[in-house]
Structures are given as C-alpha cells and as structure tokens.
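Here the structure comes first, spelled out in structure tokens, and everything after it is commentary.
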Amino acid sequence: MKRKSSLLQMYALAGGALAATMLFSACGSNSVNPTATAAASPAAAQASPSVMPMSPAAAQASPSVMPMSPAAAQASPSVMPMSPAAAAQPLRAGERFLNLTVPQSYTPVAPPGGTDEYRCLIIDPHLTKPAFVTGTQFQPQNVPIVHHAIVFSVAPGQPAAAARAQDAATPGQGWTCFGGAPLDTTPSPTWIDTWTPHGTETILKQNVGFPLRPGGLLVLQIHYNLLATGGRSAGPDRSGVRLRLTEGTSATRALDTVNLQAPTELPCPPGESGPLCSRAAAIADVTKRFGAGTGATEGQLVSDCSHGVPVPGNTQHCDIPVQQPMTVYAAMGHMHLLGRSIKIELNPGTAKAQTLLDVPNFNFDDQRVTPLPAPVDVKPGDTVRVTCTHDATLRQKLPVLRQLPPRYVVWGDGTSDEMCLGLLTASPKV
C-alpha cells in the first residue's frame, strides 16, 4: 500500500525551502538501491566590475574519481577576489541588467562541531515597477568557501516585512537558515535560481520569467563550506547577483521551481567501520549538526518514497505523482561529492516515458540548469521520477573527505552529507 504526504516536502538545497507547493504530492515507490551596484545597462558583454561572475565551467570530471570543488580543495584564510568576469550572454530586446550585492560583508561561522553554515542575506532591488527575471548569475566573492547558493524572491507586504524583521532580530548580516525555508510566510518565497561552482546563467528562449514586484526583496541563501578549515573562519564574504530583467507582456508566463527529492541510504563500504556506520547514529549526527528539521528529512523521504522502509544501497529513487498541470522548460540535478549520476524521468516504464534530465557522470563542479529541447507539458495522472546513484568509496579518494570518520550517509545539509535533488523550472497552468 502506498503512503503519501499531503504535499511533497519541497526542500531547498539547504533542506527545507518550500517551492511550488501542491504541484506534486509525494507517493511511496520502491527505493532500490543587496544593495544595487549598477542600474540597467545596454552593455551585454560585461558584468559590473564590482560584482564579478564565476569563471567558465571546469573541465569534465573523470568518471572514475570525482574532483574536489575549489571549496573542498583549499580554503583561504583571507578574502578571495572574485573570479575573472565571464562574458554575459547578449541582452535581448526589452532586457536590462541589474547588478546587486548584499549590503555588508558577512563572515561565516559554523555551529559547534560543524563545518557548514547556511546564511540567508537580504537584497533590496528597489524596483519601481513590476518585472520578470529572465536570467540570473550569482556572483560569489569568497569563492573557495561558497558551496552553493539559491536566489529567492520575497513578495512585498507582509512577507518582505517578515524578512526585514528576521534580519533585524539576528546579530550580523542576515540569519542562519539550516534545513528550512528562508521565511515561513504566505506566499512562500519563490525559488528563482540555483548556483553551484562554475555555474553560469541559463536563459530560456520562451516568453517566460520569474515575477518581481515593487516592494519585494531578494534573499540569497548561501551555503558556506568550512570543511577545509575544520570549521574555522575563512574570511568574510560579500556576494551578489546579476539579474536579467524585462517588463514582459500579458503573454509572459510566470515561472516557479519544483523540487523532486529521493532518500540517500548509503552504507559504509566493505572494509570501513565505526560508530557512524550505524544508520541511527548517522541521523542523530545530522540532527545534532543541523537541527531537528534536517534530521527528520531522511525519515520523511523514506516514508514518501519507499513505503517507510529504508533500502540501503548506492541507487535510490522516488516517484512523485503530478497534482497540477504545468509546462516544464528546464531541469537540474544536485548531489554532493559522492554523487555519480542523476536522472529525472516522466512516466517511466510506460509508452509515454520521457527523459527530462540525464547526467550519467555527475560532477559537483559542473552542475547547471539544462533547458529541455522543447517544453514538456505534464498533467495530473503523470508521474515524475528522480533517481540518484552515489558512491561511498569516493570518500577515500577525496582528501577533504578522507580525513572524516566513516559514516552511513543520509540526507543532510553538509558538504560531507548527501542529497538527491531534482529541480524543474516550470510554469503552472491556471
């Protein structure tokens, strides 16, 4: 008998940001294995010199040994300069750039016993009229310690006021946001974009965009990885984002981001042993480092995706029934350093089967939103499956992980934990 929750637990990479609520409902399946720094600019070839985007994507990873990300390879005790500017894709008719940075620098601090911090930082774009975001380029400053970032929009009115209140009530810039949405508001913050190392702007050719309104805010949810420094300070960061904006038309379709999650149940490989090779001990450790919300995620996913029974193995999947019609334009997969492959499928095992995303040789340093060859319409009655394969033996091949004790790996917020997360850029049909 299938178990299902009232809605899929739509977590961010941090583990808890609600995205396109009620588009999907999780259902059991067998688990088998700122401050503005530049106004609109007609120059499309360069980013603002004060906020530089990442360099082009790194070389392809070997399928046998995954490379370390820059953050994992070495953390500098001082502020790292931004990477040389990558040429922006040309502006299209009616588009403009808006370069934004967080108001002040923030120095990440990991919790006791941890090596990661998730920080939510507010940027006010100071819009005077509605606009659509048609492209984003997150721009990290202290490059080696930024594991990933998510750009959220917060609606004007009560949601924006709640964001400002949360910021004011927390010492320093922003607030810590492990395992939860940036804000518990109605409407929830909208997930606009995801950045991972070497990520570049993705532009869709269709007349679509993420809506922004005057009085609304942006929240950058940044995962700082201090694993290479053992949790010690690696200097301040003042990251930003470049928005590609357009006024749009009455025909412009609003976008949202839909999250698809599967469990991670990766035992210690043969020849490894230790206290954290116990699944219960590993979940308790995640809970200690990131809180009860993140600690409960794996149990919820197992309930939703494998009838409540964990099935240890390298490969896991989850089948998610579609609850609301939508058009899918792009897809992305996210895992951490033990990831080998990720796939997103529509109606697998049927005559209507389609592959939306297939990354057979996953590279943490080359994750990106991939436009579909053509938009795909999905409807109630369809099923979307996300499948991930991890490899625990990579722990001994990556110096940054080799120093850590063996563990049974489950869903967690840290770089040394894992995730199986598929993302769909879609427009709900109303």
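The values are calculated or read from the model by the stated rules, or taken from the named source; none is laboratory data. Only a predicted model underlies this, so the values are computations on that prediction, with no experimental measurement involved. Methodologically, a virtual Cβ is constructed for each residue, glycine included, from the backbone with ideal geometry; neighbour enumeration extends over all protein chains shown.
As an exercise: evaluate Gly381 against (1) surrounded by 20 or more Cβ atoms within 10 Å (Cβ to Cβ); (2) of a type in the set (Gly, Ala, Ser); (3) modelled with pLDDT of 95 or more and give the number of the one condition it does not meet. The single condition Gly381 does not satisfy is (1).
Exactly one residue out of Tyr118, Tyr106 is closer than 26 Å to Thr415 by Cα, aromatic (Phe, Trp, Tyr) and in contact with a Cys (Cβ under 7 Å, 6 or more places away or on another chain), and it is Tyr118.
If you go through region 205-245 and keep only what is at pLDDT below 95 and among the hydrophobic types (A, V, I, L, M, F, W, C), you end up with Leu226, Leu227, Ala228, Ala234. Which one is surrounded by the most Cβ atoms within 10 Å (Cβ to Cβ) among residues in region 138-161 that are of a type in the set (A, V, I, L, M) and in a helix (DSSP H, G or I)? This residue is Ile145. Can you find a residue in region 298-321 that is farther than 30 Å from Thr176 by Cβ and charged (D, E, K, R)? Yes, region 298-321 contains a residue that is farther than 30 Å from Thr176 by Cβ and charged (D, E, K, R).
Counting the residues of region 185-216 that are assigned to a loop (DSSP other than H, G, I, E, B), over 26 Å from Phe362 (Cβ atoms) and within 20 Å of the chain's Cα centre (by Cα) gives 4.
Per-residue answers, yes or no, for (1) more than 18 Å from Val384 (Cβ to Cβ); (2) modelled with pLDDT of 95 or more; (3) assigned by TED's automatic domain parsing to the domain that holds Arg407:
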residue: Pro275; (1), (2), (3): yes, yes, yes
residue: Ala280; (1), (2), (3): yes, yes, yes
residue: Glu298; (1), (2), (3): yes, yes, yes
residue: Asp304; (1), (2), (3): no, yes, yes
residue: Gln316; (1), (2), (3): no, yes, yes
residue: Met326; (1), (2), (3): no, yes, yes
residue: Ile344; (1), (2), (3): no, yes, yes
residue: Asn347; (1), (2), (3): no, yes, yes
residue: Asp366; (1), (2), (3): yes, no, yes
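The residues of region 381-403 that are out of contact with any Leu (no Cβ under 7 Å at 6 or more places or on another chain) and part of a loop (DSSP other than H, G, I, E, B), listed by number, are Gly381, Lys397, Gln403.
Considering region 341-378, and only residues there that are among the basic types (Lys, Arg) and in a loop (DSSP other than H, G, I, E, B), the residue that is surrounded by the most Cβ atoms within 10 Å (Cβ to Cβ) turns out to be Arg368. Of the residues in region 99-118, none is closer than 16 Å to Gly174 by Cβ, among the aliphatic types (A, V, I, L, M), in contact with a Phe, Trp or Tyr (Cβ under 7 Å, 6 or more places away or on another chain) and modelled with pLDDT of 95 or more.
Being under 30 Å from Thr249 (Cβ atoms) and of a type in the set (Phe, Trp, Tyr), is that true of even one residue in region 171-179? No, the conditions are met nowhere in region 171-179. Return the residues of region 262-281 that are surrounded by fewer than 23 Cβ atoms within 10 Å (Cβ to Cβ) and outside any loop (DSSP other than H, G, I, E, B); say none if nothing qualifies. Within region 262-281, Pro275, Leu276, Cys277, Arg279, Ala280, Ala281 qualify.
Give me a count of the residues in region 392-412 that are over 12 Å from Thr264 (Cβ atoms) and in contact with a Gly (Cβ under 8 Å, 6 or more places away or on another chain). Steps first, please.
Step one: list which residues in region 392-412 are over 12 Å from Thr264 (Cβ atoms), which gives 393-406.
Then keep just the ones that are in contact with a Gly (Cβ under 8 Å, 6 or more places away or on another chain); that gives 405-406.
The number of residues fulfilling the criteria is 2.
Return the residue satisfying two criteria in turn: it lies in region 407-430 and is small (Gly, Ala, Ser) and under 30 Å from Ala251 (Cβ atoms), and of such residues it is nearest to the chain's Cα centre (by Cα). Taking the candidates together, the pick is Gly422.
At pLDDT below 95, among the polar types (S, T, N, Q), surrounded by fewer than 21 Cβ atoms within 10 Å (Cβ to Cβ) and in the same structural domain as Leu220 (by TED's automatic domain parsing), is that true of Ser188? Outline the logic, then answer.
Details: at pLDDT below 95: yes; among the polar types (S, T, N, Q): yes; surrounded by fewer than 21 Cβ atoms within 10 Å (Cβ to Cβ): yes; in the same structural domain as Leu220 (by TED's automatic domain parsing): yes.
Criteria met by Ser188.
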